[in-house]
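The values are calculated or read from the model by the stated rules, or taken from the named source; none is laboratory data. Quantities reported herein were computed from a predicted structural model and do not represent experimental measurements. Neighbour counts run over all protein chains shown; Cβ positions are idealised from the backbone, glycine included. Side chains included, ligands, DNA and RNA excluded: accessible areas come from the protein's heavy atoms. Shrake-Rupley method; radii C 1.70, N 1.55, O 1.52, S 1.80 Å.
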Amino acid sequence: DENVPEGIKRHASGRPSLVFCASRKSTELLAAKLSSMRFVNGQARAQLLAQASERVATSPLKNLIRAGVAYHNAAVPPEDRDIIEQLFGQEALAVLCCTTTLAMGVNLPAHLCVIKGTQIWQPAQKRYAEMPAANVQQMIGRAGRPGFDTSGVAVIMTSSAHANYWRNVSSGLEVIESQLLGNLIEVLVSEAAHHVVNDVAEAIRFLKSTFLFVRLTRNPTNYGMPADCSSADLDARLKSRV
């Protein structure tokens, strides 16, 4: 939290910034801290933010929005989230502190994306672990999106022990593996609900079109398959999982 303000001053260039935090509470605490910075310039912008703050039901957000800052997490009512997303899209909000799930579901590009820490709590293992690289790639991909900006900056805040790993990830040098097997039930149920997948054969064809199948064929041992497995073996594995 202490280093985020300096990162925004150094890299934001007066454009919108997304700061990804590991927890809901962290988004709220950081937004409150950043609200003391001078983000709102111009009467028109100040008036827009003041009017928007009156439409927000979440009390702590009212003063934050007037300061050009907000937070976005699952505890914020959908109506308030809609207002926040609209303000950020209009570049009325300077900084939006959000949970990592925002990168997956909401199309909010920014000039600067800050990953405030790369460790997340894993309840099952009762320990902290590094985020999946694919998740971080998704987050930093919000910076400088084509069609929205001509350039962008991504800042990954991590421990010195993991700095080289994340440098390689952000440079595209680290191999990314699929996380689909761990979420296969949810994905297939969703595809079935949308009638993309209606039977086992279609489910297998769907999986063969995914990044998972690409990595299965190139690095089968990472997914519990022998290094010399055949295409028939891969088909059998997919069928058994489906």
So the FRET efficiency between residue 62 and residue 159, C-beta based with R0 = 22 Å and rounded to 0.05, is 0.05
Taking 0.36 nm per residue of separation and subtracting the Cα-Cα distance, what length does fully extending residue 38 through residue 179 add? 46.7 nm
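Average the reciprocal distances over every distinct pair of alpha-carbons in region 138-242, invert the result, and give the Kirkwood radius in Å. Walk me through the numbers on the way to the answer.
Numbers: mean 1/r = 0.0607 Å⁻¹.
When all Cα pairs of region 138-242 are included, the Kirkwood radius is 16.5 Å.
In region 69-157, what percentage of the DSSP-assigned beta bridges are antiparallel, given to the nearest 5? Don't jump to the answer; show the numbers that get you there.
Numbers: 4 of 14 bridges.
Approximately 30 percent, going by the DSSP bridge assignments.
How large is the Rg to Rh ratio of region 51-180 when both quantities use alpha carbon positions and Rh follows Kirkwood? It would help to have the intermediate numbers written out before the result.
Details: Rg = 16.2 Å, Rh = 16.2 Å.
Expressed as Rg/Rh, it is 1.00.
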Roughly what angle does helix 24-34 make with the longest principal axis of the chain, taking Cα atoms, 0 to 90 degrees, to the nearest 10? 30
Please grab the % of Cα pairs in the chain that end up more than 32 Å from each other. 33
What is the Cα radius of gyration of region 92-169 over 2.2 N^0.38 Å, N being its residue count? 1.16
Would you work out the charge dipole size for the chain about its Cα centre, treating the Cβ of every Lys and Arg as +1 and the Cβ of every Asp and Glu as -1, and quote it to the nearest 20 debye? 540
Taking only DSSP H segments of four or more residues, each worth -39500 (n - 2.57), what value at 222 nm results for the chain once the sum is divided by all its residues, to the nearest 500 deg cm²/dmol? -13000 deg cm²/dmol
5 Å is the cut-off here: which amide hydrogens, built 1.01 Å from N in the peptide plane, fall below it relative to residue 153, excluding neighbours closer than 5 in sequence? 112, 113, 144
Pairing the Cα long axis of helix 43-55 with the longest principal axis of the chain, what angle in degrees results, from 0 to 90 and rounded to the nearest 10? 70
Carbon plus sulfur fraction of accessible area for the chain, probe 1.4 Å, in percent: 51
Each residue of region 156-161 in turn: what ³J(HN,Hα) in whole Hz from Karplus with 6.51, -1.76, 1.60 and θ = phi - 60°, glycine and Pro shown as x? 9, 8, 8, 7, 4, 5
Residue separation times 0.36 nm, minus the C-alpha to C-alpha distance between residue 219 and residue 190: what's the value? 7.8 nm
Which angle between 0 and 90 degrees, to the nearest 10, do you get for helix 184-193 versus the longest principal axis of the chain when only C-alpha atoms count? 80
For the pair residue 74/residue 150, report the inter-label distance in nm, with labels modelled 7 Å from Cα in the Cβ direction. 4.1
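Indicate, rounded to the nearest 5 percent, the antiparallel portion of the DSSP beta bridges found entirely in the chain. Display every interim value, and only then the final one.
On the way: 4 of 23 bridges.
Roughly 15 percent of the beta bridges in the chain run antiparallel, per DSSP.
Roughly what % antiparallel, to the nearest 5, for the DSSP beta bridges in region 1-129? Intermediate values should be presented prior to the final figure.
Numbers: 3 of 16 bridges.
Given both bridge residues lie in region 1-129, the antiparallel proportion sits at roughly 20 percent.
Starting from the Cα-Cα distance between residue 233 and residue 91, subtract it from 0.36 nm times their residue separation and give me the gain in nm to one decimal. Walk me through the numbers before you get to the answer.
On the way: separation 142, 0.36 × 142 = 51.12 nm, distance 5.15 nm.
Extra length from residue 233 to residue 91 when fully extended: 46.0 nm.
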Straight distance only, please: which aspartates and glutamates reach the Cα of residue 62 with their own Cα at less than 17 Å, same-chain residues fewer than 8 apart left out? 28, 54, 79, 80, 82, 85
